[in-house]
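Visitor: First the structure, then my questions, so here it is.
The values are calculated or read from the model by the stated rules, or taken from the named source; none is laboratory data. It should be emphasised that the depicted structure is a prediction, and the values quoted were computed from it without experimental measurement. Cβ: placed from backbone, ideal geometry, glycine included. Neighbour counts: every protein chain shown.
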Amino acid sequence: MQSHDTTINPQARSIAQQRTLRIAWITLFSFLLLFLALIAWAIYAGWQFYQSAVIPRDAMVIVRGPVEWISWQPANRSVFQGISDQQTIRPGDSVRIVTKAGYGQIASIRLFDESQIDLWAGADLRIETLETSRWSDQSQQVTIRQSGGYVRYDLRAGQPYQQVRFRVIAGNTILDLTPGGSYSVDLRPIERNINALPGTEIAPFVTDVAVRNGTLTIRRTNGASIVLGARQRVEIDPSGMPGLPVPARWELIRDGGFSQYSETEYNNTTLSDGSELARSSTWQVYSGPALPLEQQGFFRLASICRPPTVDQQCPPSERRIAAWFYRAGGQTTGFITGIKQQLGYDRNGIDISEYRRLTFSLWTRIIDQSLEDVGDRGSECPVMIRFMARKESPDDPDLEKVVCLYTDANDLPPRVHAQDVYYYRLQKAEWTRFTINLRDEPWLPTHRYLQGIQIYANGHDYNALVADVSLVGEQ
């Protein structure tokens, strides 16, 4: 019978004990690290939740014009419906104003932070984001998608939040507005077809962005950006490409240099609408009353040196085109020869309620007039300018303000004054720059609508020129 030695080597026993102890410590340390990681993750997740948790805010609509022209589309609805004054709207809601609603501000949206969005006729926008941090002063976010019309954004300064993002999306363009500033965004329909690659998002309008005060950043989808400062504006084409920043001024007269058409094309505007002859779409020629051809006046174009140069000795770069009103032959009855223009891209007039300054100017030269001063009725002048406006709404009567420019050898006021005609005596045969601010008395200080402008000669014999006609609006 055999016996086995079961004695364990003390050295092997020590190694096994150390291995077991090491495994125990590693396991304990691993669980400790896992516990600490879970604690850290819980703290981080809680902090992130605390920082990122937001609360939706609301806004209030203030009705300033005819309420029947304002409509509201609740979020997740497909139908617009009527709205009431001081109605609450929330993220996802849309507000729309029809284009024939009138002049000036038709409605305003007052945000929870007292920022204000003013809407004109044709405005169409949706509130996409309107929120702030729930438990902190970390962030405030407002996103507006504007799809049409003219809208002014006046943002409150001194926001209590550390990060404030106020964003307007217009077509392919993102506009970041700085709090405390005043901005305007105008989406104007285009008048020509745009050819684009398949799949390209093209909005059928040109976006006109202006800054009264503050800073605005234009961001494109390709990452490029343009920064606008106070008193600057830029136009953005339908593809989202912005032009160069320019001063915030708007030229409201089309073709003020009489260079877009020929003399024949201007005069073709006197023909019936059924005529297929090429004609001007800016200035329209008119005259009256009906008289034999030899007794009529004529509209012509004249090549001149840039005013105030009177002679014709100038290089081609200094030459300009002037509108020329001419009637001769020793006439003894009155006759009007003139041009007129309907303002606005749709030729239905323009809303001028946003323009604090409206500067009208032209160069004029009265070479000859046969009547003494302004005639027996006070309205027979070789150069006359008529502004046609309305006070506040489309239902208001048309109002006219008329300027009479004349020459007279006697340094005396006109013998006869016609109602609503304002008289300015000029030096004969000299170029004179005539300038007025239509926002001053007695012109159109508070009027909201300007329909059109007429420039004409009235009298017996006359010979007069006008050039560089301009009407500049400034907000």
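Visitor: Answer yes or no as to whether D398 is of a type outside the set (V, I, T) and at positive phi.
Guide: no
Visitor: Now, a different point. Out of Y150, Y161, I need the residue that is surrounded by fewer than 17 Cβ atoms within 10 Å (Cβ to Cβ), among the hydroxyl-bearing types (S, T, Y) and touching a strand residue (DSSP E or B) at 6+ places or on another chain (Cβ under 7 Å). Which one?
Guide: Y161
One line per residue, one yes/no per condition, for (1) free of Cβ contacts under 8 Å to residues at least 40 places away in the same chain; (2) outside the structural domain of G181 (by TED's automatic domain parsing); (3) surrounded by 17 or more Cβ atoms within 10 Å (Cβ to Cβ); (4) aliphatic (A, V, I, L, M):
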{"residue": "D58", "(1), (2), (3), (4)": "no, no, no, no"}
{"residue": "A75", "(1), (2), (3), (4)": "yes, no, no, yes"}
{"residue": "G92", "(1), (2), (3), (4)": "yes, no, no, no"}
{"residue": "I97", "(1), (2), (3), (4)": "no, no, yes, yes"}
{"residue": "K100", "(1), (2), (3), (4)": "no, no, no, no"}
{"residue": "I106", "(1), (2), (3), (4)": "no, no, yes, yes"}
{"residue": "L111", "(1), (2), (3), (4)": "no, no, yes, yes"}
{"residue": "D118", "(1), (2), (3), (4)": "yes, no, yes, no"}
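Rundown of residues vs (1) modelled with pLDDT of 95 or more; (2) in the same structural domain as T99 (by TED's automatic domain parsing); (3) buried (at least 18 other Cβ atoms within 10 Å of the Cβ), yes/no style:
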position: E276; (1), (2), (3): no, no, no
position: Y286; (1), (2), (3): yes, no, no
position: R300; (1), (2), (3): yes, no, no
position: R320; (1), (2), (3): yes, no, yes
position: W324; (1), (2), (3): yes, no, yes
position: R327; (1), (2), (3): yes, no, yes
position: T337; (1), (2), (3): yes, no, yes
position: N348; (1), (2), (3): no, no, no
position: F360; (1), (2), (3): yes, no, yes
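Visitor: Quick one: in the range 71-103, which of the residues that are hydrophobic (A, V, I, L, M, F, W, C) and in a loop (DSSP other than H, G, I, E, B) is nearest to D351 (Cα to Cα)?
Guide: Checked the range 71-103; the qualifying residue nearest to D351 (Cα to Cα) is A101.
Visitor: Pick from the range 417-464 the residues that are of a type in the set (K, R) and in a strand (DSSP E or B): which of them is modelled with the lowest pLDDT?
Guide: Filtering the range 417-464 for residues that are of a type in the set (K, R) and in a strand (DSSP E or B), the one modelled with the lowest pLDDT comes out as R425.
Visitor: While we're here: Considering the range 150-179 alone, what residues qualify as being closer than 19 Å to I109 by Cα, assigned to a strand (DSSP E or B) and not β-branched (V, I, T)?
Guide: Y150, R152, Y153, D154, R165, F166, R167, A170, L175, D176, L177
Visitor: Right, another one. Out of all the residues in the range 392-425, which are among the hydroxyl-bearing types (S, T, Y) and in contact with a strand residue (DSSP E or B) (Cβ under 8 Å, 6 or more places away or on another chain)?
Guide: If the condition is that a residue be among the hydroxyl-bearing types (S, T, Y) and in contact with a strand residue (DSSP E or B) (Cβ under 8 Å, 6 or more places away or on another chain), then Y406, T407, Y422, Y423, Y424 are the ones that fit.
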